[in-house]
Amino acid sequence: MDIGFRFNKIVWHRSFLTLTVILFIATAFPVGFQPGVSWALSGSVRMVPQSFHELAEKAGPSVVNIRTVKTMKNGGPVMRHFQRPPRDRNHPFNDFFEKFFGEDFHREFKQRSLGSGFIIDPSGYIVTNNHVIEDADQIKVKLNSGEEHDAEIIGRDPNTDLALIKLTTDGSFPAVKLGNSDTLRVGEWVVAIGSPFGLEHTVTAGIVSAKGRVIGSGPYDDFIQTDASINPGNSGGPLLNMAGEVVGINTAIIAGGNGIGFAVPVNLAKGIIDQLEKYGEVTRGWLGVGIQDISGEMAEYYGLKTEKGVMVADVFEDDPADLAGIKPQDIILEVDGKRVTTSRELTGLIADIRVGRTVKVKVLRYGKEKIMNVKIAKREDEEIVTRHQGREFGDELGIRVSNLTDEIMQRFNIEENQGVLVIHVERDSKAAKAGIRVNDIIREINHMEVGTISDYRKIIQKIETGEAVQMFIKRINAGFLVIRMTK
């Protein structure tokens, strides 16, 4: 009797303990908890929105489909594989092309393209990508209601691939609200609306995968990466937060990269859109220096506690930095009271400063901080001269080079006439995959100096197939680099 009582007591205690644990689990974990899913988060978290319907219904009327027509001459699309098609009837190869293509050679061809955009003002101002409307002879905008209107270009900014167009029809049109991309966090839900492959007003949803992505499209790369489906035709369409506000402009995709898309942050776009509306172009500030990031070894050499700051590699004569007294090897720490951490950050910061304004630039020189007063100038579009004196030479690595000219040396403050200029890199070539870029200056190959095209040709020809090729190059505004590949 005593043993039985003890046994029943033990069973009862175990049952009570089991019930207590079950009740604890039921109250501790939220409804829908699944093993393996992190639940220890502050506040309640809705992992998946119940519906994007309200958001799409609210923002949809402001999203437009853009169709453009471009006139192509001298063979139109049949000439796309020729690097330098003849442009006039006196061209020495004109007879050949006329015989091969017949009368079609001198005909005009209409090239059509599709894209997206969104209305930002009831009067009909529309934001889209520059590549959607560039060189367009005609722009047609189709609204969500089905109405079609003509549009005109107000301004373009190729550097950020943004453009502002306006409907030529008077009226009041539904406009979407611009949000704040700075407050956007990785992991937040976003929605893309556009016309992928011409399928108008397609809505896709995903999350912010990353911020501040640099994809090599230009000096102002600062993209939002998202896994919301973006495809050809989405270009220029809005990326929206859950409040239905525009936080980005869908711009780029990676070929073959399913689920990877990029959008220009709306905070970057706001100032550009404002300038395009007022002036029809974008004016950016210019400091007049070649810069590069601080490496760990460089920070140690200069006695820096961190790798934050930007080193001045070159100072262009008579430009703002030179006139203010900034010198090569100075380390820029602050501009206008704002801390500088990377060269890309400095480029963007200077670009946003009004031309003609004088700002304080804090530099570190030989361990001592100095304040320089710099009057910001206007940045001109930088293009390395493509007209080169002397011959060009191409090799099996996929590189075509040319001799340096006095004009190039003066423009980029190159004191020594040492090296050859890369003027072309073949797509998917060994050089392209290794990281060689147009405008790189090749100064050494396998520790042998390169002064002219002749030097370059001799060195490359001596290297056997399968052997290593190490190129010591100078990259404008980036400093010196070593790039390796195999011949």
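The values are calculated or read from the model by the stated rules, or taken from the named source; none is laboratory data. Given the structure is predicted, the values throughout are model-derived calculations rather than measurements. Reconstructed Cβ throughout: ideal geometry from the backbone, glycine too, with neighbour counts over all protein chains shown.
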Pick from the range 276-316 the residues that are part of a loop (DSSP other than H, G, I, E, B) and aromatic (Phe, Trp, Tyr): which of them is farthest from ASN159 (Cα to Cα)?
-> TYR302
Search the range 239-255 for residues that are in a loop (DSSP other than H, G, I, E, B) and pair each with any residue that is among the polar types (S, T, N, Q) when their beta-carbon atoms are under 8 Å apart and the residues are at least 6 apart or on different chains.
-> GLU245/ASN180
Hey, can you tell me all the residues within the range 194-243 that are closer than 29 Å to GLY435 by Cα and of a type in the set (Val, Ile, Thr)?
-> VAL208, VAL214, ILE215, ILE224, THR226, ILE230
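Yes/no per residue for (1) at pLDDT 80 or above; (2) surrounded by 12 or more Cβ atoms within 10 Å (Cβ to Cβ):
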residue: ASN250; (1), (2): yes, yes
residue: ASN258; (1), (2): no, no
residue: VAL266; (1), (2): yes, yes
residue: LYS270; (1), (2): yes, yes
residue: THR283; (1), (2): yes, yes
residue: ILE291; (1), (2): yes, yes
residue: GLY296; (1), (2): no, no
residue: ALA313; (1), (2): no, yes
residue: GLU317; (1), (2): yes, no
Residue, farthest from ASN267 (Cα to Cα), within the range 115-150, restricted to residues that are crowded, with 24+ Cβ neighbours inside 10 Å and out of contact with any helix residue (DSSP H, G or I) (no Cβ under 8 Å at 6 or more places or on another chain) = VAL141
State yes or no: is ILE224 within 15 Å of the chain's Cα centre (by Cα) and under 14 Å from ASP161 (Cα atoms)?
-> no
Here, strands (runs of 3 or more DSSP E) confined to the range 146-232 with at least 1 residues that are touching a residue at least 40 places away in the same chain (Cβ under 8 Å) and among the basic types (Lys, Arg) are 148-157, 162-167, 202-213
Residue ID - modelled with the highest pLDDT, chosen from residues in the range 350-392 that are out of contact with any Ser or Thr (no Cβ under 8 Å at 6 or more places or on another chain), under 29 Å from SER454 (Cβ atoms) and not basic (Lys, Arg) = GLU382
With criteria (1) acidic (Asp, Glu); (2) crowded, with 16+ Cβ neighbours inside 10 Å; (3) more than 25 Å from the chain's Cα centre (by Cα), ASP157 comes up short on (3)
